[in-house]
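Written out below as structure tokens is the structure these notes cover.
Every number in this text was worked out from the coordinates using simple rules, so none of it is lab data. Since this is a predicted model, take the numbers as computed values, not measurements. Quick reminder, even Gly has a Cβ in these numbers, built from the backbone with ideal geometry, and neighbours come from all protein chains shown.
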Ligand code: 5RP
């Protein structure tokens, strides 16, 4: 978003966006406009490529309100976003109770259960989602589904202690998963390491298991060595999906859908 800004007549102008970026921005703006009110002082900021538009919109609320708030990041990327935007940076140690957390998702089903962790931030993201009175999910139209796994074929991200990854993978296979250890990107050889120094396993599961994500999450979480599971069940109050034309599809806990 920063590179999308130009200055004309001394005023910040935002260039219009197309396609997926327009969708991400529309979802992010709707979440801020509907859920971050002047009385909200502690705000959780999630991770991924949609969340920068959340910060962009929050900045537009102005320093008068923002300098009396604390912004809590879910990882290194969102910490950088907060700092670069000049917003007050807090942490969950100081602020274990959060008013609103807004975060992206890799896929969201019709009951607002989510797959998260495509950016390997699922542990901190879940702590901030659980600590928030209101947890809101934002995504572009590609993430809106009915059963988890329909669209995000990479599988459920599972954060594991480094020492335990092989043993957890074996147990995931025994319950019907197809686990793969996530590798670091680009020139970096070796496994992806999270902000908490753990590894991530991505495991697709058969539809029969994905249909009951809370049960699946509980089963995986019980495995020794598993730190957190990227299934966020019964947590979100609302999900906003941006469409390519900049309109929004909203889904609410309880099943209501607004096009
Ligand atoms: C990171 C996440 C992200 O929120 C998720 O991957 C969505 O990212 P994007 O907004 O880039 O689609 O869970 O761990």
Restricting the stretch 32-53 to residues that are more than 17 Å from residue 106 (Cα to Cα) and not in a loop (DSSP other than H, G, I, E, B), the residue that is nearest to the ligand (Cβ to nearest atom): 44
Residue satisfying all of: in the stretch 231-259; in a loop (DSSP other than H, G, I, E, B) and touching a helix residue (DSSP H, G or I) at 6+ places or on another chain (Cβ under 6 Å); nearest to residue 158 (Cα to Cα) among these: 233
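Here is a yes/no grid of residues against (1) touching a residue at least 12 places away in the same chain (Cβ under 8 Å); (2) under 27 Å from residue 55 (Cα atoms):
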residue	(1), (2)
120	yes, yes
132	yes, yes
150	yes, no
163	yes, no
183	no, no
Residue match in the stretch 57-65 (condition: within 13 Å of the ligand (Cβ to nearest atom) and in contact (Cβ under 8 Å) with a residue 24 or more places away in the chain): no
Exclusive hit being surrounded by 22 or more Cβ atoms within 10 Å (Cβ to Cβ) and more than 11 Å from the ligand (Cβ to nearest atom), set 109, 103: 109
Filter result (surrounded by fewer than 20 Cβ atoms within 10 Å (Cβ to Cβ) and away from the ligand (no atom under 16 Å from the Cβ)) within the stretch 73-91: 83, 84, 85, 86, 88, 89, 90, 91
Only listed residue being surrounded by fewer than 23 Cβ atoms within 10 Å (Cβ to Cβ) and either within 14 Å of the chain's Cα centre (by Cα) or more than 10 Å from the ligand (Cβ to nearest atom) (or both), chosen from 150, 125: 150
Checking residue 202 against (1) in contact (Cβ under 8 Å) with a residue 24 or more places away in the chain; (2) closer than 16 Å to residue 107 by Cα; (3) surrounded by fewer than 17 Cβ atoms within 10 Å (Cβ to Cβ), the condition it does not meet: (3)
Of all residues in the stretch 22-46 being over 14 Å from residue 57 (Cβ atoms) and within 16 Å of the chain's Cα centre (by Cα), the one that is surrounded by the most Cβ atoms within 10 Å (Cβ to Cβ): 44
Test: residue in the stretch 179-186 that is assigned to a loop (DSSP other than H, G, I, E, B) and buried (at least 17 other Cβ atoms within 10 Å of the Cβ): yes
Selection count, the stretch 204-230, where residues are closer than 15 Å to residue 159 by Cα and out of contact with any strand residue (DSSP E or B) (no Cβ under 7 Å at 6 or more places or on another chain): 6
